[in-house]
Amino acid sequence: MGLYDRDYTQAGFRSQPHYAPQMRFTFPRLTPVVKWLLIINIAIFLTAVIVSPVGFYIYEWFQLDTTSLFRALQFWRLITYQFLHDPLSIWHIFLNMLGLFFLGPTLERHWGSRKFLPFYLGCGVAGALFYYFLVAVGFLPQGIMVGASGAILGMLAACAILFPHFVVFIAFFPVPIRVAAIGLTFVYLFFVITRGENAGGDAAHLAGMAAGAGYVLSRPWREQLRLKVHSRTWERRMAAERNLQMEVDRILQKVHDQGVHNLTAQEKRTLKKATEAEQRQHRL
């Protein structure tokens, strides 16, 4: 899967005759998280292929495994399975890393590294959990699963919403990213419902896409919720400071009228607390 952008989003755009925008293939500049994700995925894959005894233990301990309750409850596998790929298929890792290479930098620059990494891993976890659920209810048979496809498809869904002008290659044909996202959704849904050969992987793809789209579409109300929480926290802080100031004023008036020796232990602690708070404000 490749990605290229339309020239009217680039500097120095020049339209063709009849004002038809020229399409130009572009390679993204790697961002820090995407670079390390690529390095880790490829390094693990090569290690598993070249040093097969080591690869056996890597897959044994870190792939997603629903064949036993003990392994299913090893929750680190929800993350680690995303860094493993079928050692017998170069296309599995190649297509996933290609998607990461083209889609990841755009999202990482848009959100920042600190938000992008949890998003990426979260989409993969969503895929794993949905697969767990379908196995638990008996819709799909028990099995194992590896691959970053859930996270990659989550990025595809996010980019389809945020950057609808993107175009991706599907089987070497350029397709608008929203068309690709909708088409893949129906394809994966069909294979899950019909319990296709890779129904578990397709279920993870669907859940990853749902998580990616849900993250983007829910951002407005999440921002509103965050602002409400911060607003209430600020109001409580202001109220506490007002109450403290009123108590300090009362205590100081008592000191003026009766002397400091008549203060209770609690009143002395209140004055100390107010003094420390004022010193912190001055340091800031």
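Here is how the numbers come out for the structure above:
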item: Simple Cβ-charge dipole of region 3-217, Lys/Arg +1 and Asp/Glu -1, about Cα centre, in debye nearest 20; result: 580
item: Cross-link partners of residue 268 among aspartates and glutamates (Cα-Cα below 18 Å; sequence separation of 8 or more within a chain); result: 241, 247, 249, 257, 276, 278
item: Cα coordinate range in the chain, projected on the principal axes (Å, largest first); result: 88, 63, 37
item: Region 141-226, Cα convex hull volume normalised per residue, Å³; result: 116
item: Set of lysines near residue 273 by C-alpha distance (under 23 Å), chain-local residues within fewer than 8 positions excluded; result: 254
item: Chymotrypsin sites (Phe, Trp or Tyr not before Pro) within region 88-173: DSSP coil, no more than 12 neighbouring Cβ in 10 Å; result: 172
item: Dipole-positive endmost among 203, 239, 138 within region 128-240 (Cβ charges, Cα centre); result: 239
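Throughout, read-outs are computed from the coordinates displayed, never taken from laboratory work. The structure displayed is predicted, hence computed values, not measured ones. Quick reminder, even Gly has a Cβ in these numbers, built from the backbone with ideal geometry, and neighbours come from all protein chains shown.
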